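Take a look at the structure set out below.
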Amino acid sequence: MRFDVLTLFPEIFDGYLGSSVLKLAVQRGLVEVHRHNLRDWAVDRHRSVDDRPFGGGPGMVLRADVVVPCVETVRRQTGDAGRLVLLTPQGRRFDQRIAEELASHERIVLLCGRYEGFDERIREILEPDEISIGDFVLNGGETAAMVIIDTVIRLVPDVLGDDQSSREDSFSTENRWLECAQYTRPRTFRGLEVPPVLLGGNHEEIARWRQQDSRTRTEQRRADLLGPDN
Ligand code: ADE
């Protein structure tokens, strides 16, 4: 699976790209992440990518004559133009279902904004899938793009080891419940014991306990996840 990230700050991704699951997935050839600096598409001698809004007001607006050609060129670089995602607090709210949908694409192009927003003609011309990661305003779409990449790569076959399958992650189509409580050594810590059932070795009992714990947690913390037929 291939991600192309269009941003004014490609270096923000350095640390993330070099660590953990993503680094391994890239090394194993399962995932590619290509970064493109929007400034390389600037058309004037000052290399400006943004300008003051017509009509006045605070902040700066990303220019359509920079962003649109950049997106078009990047999308033409391979035979598959990919799914174009624009990160914005005005988009549909990201969740596991949308992650599953995105994971079905071979290529995703992520357009990150900064400043006050995008010239509206960028939306009109490119008709992107607009996605928000929540009802709050970030300084830019870069961290949102990382959230999306991080969630989607878990769903790419072979990125996680067998023992880490994402199929039953909370919020997925296959599991609407929160994960149950987990414990590891030591058995006693500051007077708190591990539930004895987890130490008993009876796999059926353990499975029953875990299911019950998942259910109770979900009821207590996120009753909204339990539909009428759960
Ligand atoms: N850019 C700024 N805020 C954002 C958000 N909440 N989600 C996605 N992109 C954003």
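The values are calculated or read from the model by the stated rules, or taken from the named source; none is laboratory data. Computed from a prediction, not measured in an experiment: that's the story for all the values here. Backbone-built Cβ (ideal geometry, glycine too); neighbour counts: all protein chains shown. Just the protein is used for accessible areas: all its heavy atoms, side chains included, with ligands, DNA and RNA removed. Shrake-Rupley method; radii C 1.70, N 1.55, O 1.52, S 1.80 Å.
Computed from the Cβ-Cβ distance with R0 of 25 Å, the FRET efficiency linking R123 to S19 stands at 0.15.
Just want to confirm a number: the relative contact order over the chain, from Cα pairs under 8 angstrom separated by 6+ residues, in percent.
19
Relative to the Cα centre, the charge distribution of the chain, modelled as +1 at Lys and Arg Cβ and -1 at Asp and Glu Cβ, gives a dipole magnitude of about 480 debye.
Across I108, I125, the residue with the most accessible area heads the list, and the full order at a 1.4 Å probe is I125, I108. What the Cβ-Cβ distance of E204 and D95 gives, at R0 = 35 Å and to the nearest 0.05, is a FRET efficiency of 0.60.
Cα centroids of the stretch 120-141 and the stretch 52-87: 10 Å apart.
Taking the inverse of the average 1/r across all pairs of different Cα atoms in the stretch 48-96, what Kirkwood radius in Å do you get?
13.4
Along the Cα-to-C-beta direction of R45, a point sits 7 Å from the Cα; which residues of the stretch 53-84 have their amide N less than 20 Å from that point? Residues 66 qualify, since their backbone N sits under 20 Å from the label point.
The alpha-carbon positions of the chain define a convex hull whose volume is 190 Å³ per residue. In summary, the convex hull built on the alpha carbon positions of the stretch 1-104 has an orientation-averaged projected area of 8.7 nm².
Taking amide H atoms as placed 1.01 Å from N in the peptide plane, the amide H of V31 lies under 5 Å from those of V26, each 5 or more residues away in sequence or on another chain.
Based on DSSP H segments of at least four residues, each scored -39500 (n - 2.57), the chain has a per-residue ellipticity at 222 nm of -9000 deg cm²/dmol. Label-to-label distance for E179 and D162 is 2.0 nm, based on points extended 7 Å past Cα in the beta-carbon direction.
H46 contributes about 130 Å² of solvent-accessible surface, heavy atoms of the protein only, 1.4 Å probe. What FRET efficiency do you get for E72 and F9 if R0 is 25 Å and r is their Cβ-Cβ distance, rounded to the nearest 0.05? The computed FRET efficiency comes out at 0.75. Set the Cα radius of gyration of the stretch 158-230 against 2.2 N^0.38 Å, with N its number of residues, and you get 1.28. Note on L17: accessible area is roughly 30 Å² with a 1.4 Å probe, heavy atoms of protein only.
The calculated P(r) of the stretch 90-190, using every Cα pair and 5 Å bins from 0, goes 2, 10, 18, 19, 16, 12, 8, 7, 4, 2, 1, 1, 0 in percent. Each semi-axis of the equivalent ellipsoid for the stretch 85-137 is √(5λ) with λ an eigenvalue of the Cα gyration tensor; in descending order they amount to 19, 15, 8 Å. The residues of the chain have, on average, 60 Å² of accessible surface per residue, using a 1.4 Å probe with all protein chains present.
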